[in-house]
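Comments concern the structure below.
What follows is calculated from the coordinates using simple rules that are stated; it is not laboratory data. Remember, it's a predicted structure, so these values are computed and weren't measured experimentally. Cβ coordinates were reconstructed from backbone atoms using ideal geometry, including for glycine residues, and neighbour counts include every protein chain displayed.
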Amino acid sequence: MGRAERFEGAEFRTSSYSQPHDSYCAEVALSEAAVGVRDSKDPGGPVVAFGRESWARFIDGVAGR
C-alpha cells in the first residue's frame, strides 16, 4: 500500500489557527503508523507521510521543546 492510500477516507483536520480564507493552510490526518499532511486547497492532491516519531520530533521542535 502506498503512502497516499493509507489516508484514503481519513479525516483530515485543519489548524484551529487557520482562517476561512487563508491562502496557505495544511491539513493533517492520523493513521496507526503515520501522519499525513496535505494542502487544504488541493484535498485530492498528494499527501506527505511522516512516521509518528518523526512527526512528534517536528512538533517538539516547532514548539521549542
Just grab the label-to-label distance for residue 15 and residue 57, each label 7 Å out from Cα along the Cβ direction, in nm (one decimal). 2.2 nm
In terms of the charge dipole of the chain, which places +1 on Lys and Arg and -1 on Asp and Glu at the beta carbon, the residue among 9, 24, 62 farthest towards the positive end is 62
Here D for the chain, in µm²/s, from Stokes-Einstein with a Kirkwood Rh over Cα pairs at 20 °C and 1.002 mPa s, works out to 171 µm²/s
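Which of the peptides 30-43, 51-64 is most tightly packed, and how do the rest follow, judged by the mean count of other Cβ atoms within 10 Å per residue?
Result, highest mean Cβ count within 10 Å first: 30-43, 51-64.
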What is the chain's relative contact order, in percent, from Cα pairs under 8 angstrom and six or more apart in sequence? 26 percent
